[in-house]
Amino acid sequence: MTAAQIVGEKTLEKLTFVITAGPTREYIDPVRFISNPSSGKTGFEIARAAARRGHRAIVVAGPVSLATPRGTERLDAVSARDMMRETRKALASAASPEKTVFIATAAVADWRPAKKAAKKIKKAAFDGVLRLVRNPDILKSVRGVVKIGFAAETGDAVKQAAAKCKAKDLEFVVANDVTVPGAGFGCDTNIVAFVRRDGSVERKPKMSKRALAAEIVKSAEDAVRARLKKISRYAIIPQNKEDER
Ligand code: PMT
């Protein structure tokens, strides 16, 4: 497939997709960490789908055991702060913000230990109290590009997602209830709803993460196309006759 391709009825140039994937690890000492069961499958499938449609795809991966999809680039991270740094690097390498999409699928740890012990903490020396501090919010910190987020919830995923869409200034949120069998962490399928910033909700049937990835990439292309159209509309506003005098 060529760089510029026909997408829908209009030609859309090659975009850059930056995708976070997998968990982060927040080390307590050299042998123990806080993390979660994210496998990275969702993010890797999105990177694969974007590359297959002729885009540049950079996956910023937490510690996962997946092969890098063909035609994609990969930056590795361990902690949330690593992931933030690598994401910034990836975004800085993109040609232009208006043709860049950031998709945050990673399950980033919200908290990390205030201090990482240099040596393995001995059981007898530990009082059972672990002080945590907040990690930076990667998705919220990114600006100027089309942003798509995920919301992993254990209950009313759609309601929570709508709030996240506004708080993080997203195009839409892919909401999933990770307590439902066949959805969420680790499996090859997911059951999601796209929750848009205008409040509309599009519920999807259970589908493979590969099929879902293709839908997300197409929706991202639509969002970029709409944004470019808006920009070009501003660019061709006729001058006011008064201004010409
Ligand atoms: O990797 P898989 O095994 O395929 O599993 C997929 C998944 C369950 C991880 C995925 O479907 C999913 O729901 N990912 C988001 C998990 C999550 O951390 O959700 P959240 O509601 O805590 O965060 C909201 C959004 O902010 C997410 O897009 C997240 O990537 C982003 N975030 C959160 C915290 C933080 N410090 N930085 C962020 O960028």
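Each value in this text was obtained by applying a stated rule to the coordinates, not by laboratory testing. Values in this document were obtained by computation on a predicted structure and should not be read as measured data. Cβ placement follows ideal geometry from the backbone for every residue including glycine, while neighbour counts extend to all protein chains displayed.
So the values come out like this:
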item: Sparse-neighbourhood loop sites, trypsin sites (Lys or Arg not before Pro) in region 134-186 - DSSP loop, at most 15 other Cβ within 10 angstrom; result: Arg143
item: Sequence-distant lysines (8 or more away, or on other chains) whose Cα lies within less than 27 Å of Lys206; result: Lys41, Lys147, Lys159, Lys164, Lys166, Lys168, Lys218
item: Anchor Lys120: aspartates and glutamates whose Cα lies under 12 Å away (excluding residues fewer than 8 positions away in-chain); result: Asp29
item: Cα long-axis angle, helix 80-92 against the chain (0 to 90 degrees, to the nearest 10); result: 20 degrees
item: For region 187-197, 3J(HN,Hα) per residue [Karplus equation, 6.51 cos²θ - 1.76 cosθ + 1.60, θ = phi - 60°, Hz, x = Gly/Pro]; result: 6, 8, 10, 8, 10, 10, 10, 8, 10, 8, 5
item: Helix-derived mean residue ellipticity, 222 nm - over the chain, DSSP H n ≥ 4, -39500 (n - 2.57), to 500; result: -9000 deg cm²/dmol
item: Rounded if a/c under 1.5, otherwise prolate or oblate - region 33-106, Cα gyration tensor axes; result: oblate
item: Selected from Ser232, Ser93, Ser39 as most flexible by GNM, with the chain as the system and alpha-carbon contacts under 10 Å; result: Ser232
item: Along principal axes, Cα extents of region 1-155, largest first, whole Å; result: 66, 34, 29
item: Folded to 0 to 90 degrees: helix 157-167 orientation relative to the chain principal axis, Cα; result: 70 degrees
item: Whole-angstrom gap from region 128-161 to region 45-88, using each part's C-alpha centre; result: 18 Å
item: Förster radius 45 Å - calculated FRET efficiency between Ser232 and Asp137 (Cβ-Cβ, nearest 0.05); result: 0.90
item: FRET efficiency estimate (nearest 0.05) - Cβ-Cβ, Arg81 to Phe185, R0 35 angstrom; result: 0.95
item: Backbone HN-Hα couplings from phi across region 60-65 [Karplus 6.51/-1.76/1.60, Hz, Gly and Pro as x]; result: 9, 9, x, x, 10, 10
item: Proximal charge balance of Ala94 [Cβ under 14 Å; K/R count +1, D/E count -1]; result: +3
